[in-house]
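Here the structure comes first, spelled out in structure tokens, and everything after it is commentary.
The values are calculated or read from the model by the stated rules, or taken from the named source; none is laboratory data. Please read these numbers as outputs of a predicted model, since none were measured by experiment. Ideal geometry is used to build each Cβ from the backbone, glycine not excepted, and the neighbour counts take in all protein chains shown.
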Amino acid sequence: MVTWPKILVLDEPTEGIQPSIIKDIGRAIRYLRDSTGMAILLVEQYLDFCRELADYVYIMDRGEIVHEGLAETLDTPEARKHLTV
């Protein structure tokens, strides 16, 4: 018997993937989120991908959470200072 999980954990699903497939992955994640109400924990370095999918974000630096907030906060100066390379 297969049951629907309550949470899906994805660790860098875009790593090494060509851009056209990244869009497909994003659509699949959106579908799961919207049709099942499943919580999705997405660990990702590709900022635009996160911005399109996330409701809430945490930014980590060396294992420490240095910023948290709604996805819209990714464009604030506080968040951006942690996102520069």
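The table that follows gives values for the structure above.
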item	result
Complete set of residues in region 38-78 that are basic (K, R) and more than 13 Å from the chain's Cα centre (by Cα)	R62
Those residues of region 61-85 which are in contact (Cβ under 8 Å) with a residue 12 or more places away in the chain and not aliphatic (A, V, I, L, M), in sequence order	D61, H67, E68, G69, T73, H82
Hits in region 61-85 - residues which are part of a helix (DSSP H, G or I) and surrounded by 10 or more Cβ atoms within 10 Å (Cβ to Cβ)	A71, E72, T73, L74, D75, E78, A79, R80, K81, H82, L83
Among residues of region 32-56, those that are under 19 Å from E15 (Cα atoms) and either hydroxyl-bearing (S, T, Y) or in contact with a Ser or Thr (Cβ under 7 Å, 6 or more places away or on another chain) (or both), counted	3
Residue, modelled with the lowest pLDDT, within region 27-47, restricted to residues that are under 21 Å from A79 (Cβ atoms) and outside any loop (DSSP other than H, G, I, E, B)	L47
Residues that are without any contact (Cβ under 8 Å) to a residue 12 or more places away in the chain, hydroxyl-bearing (S, T, Y) and surrounded by fewer than 12 Cβ atoms within 10 Å (Cβ to Cβ), drawn from region 1-60	T3, S20, Y31, S35
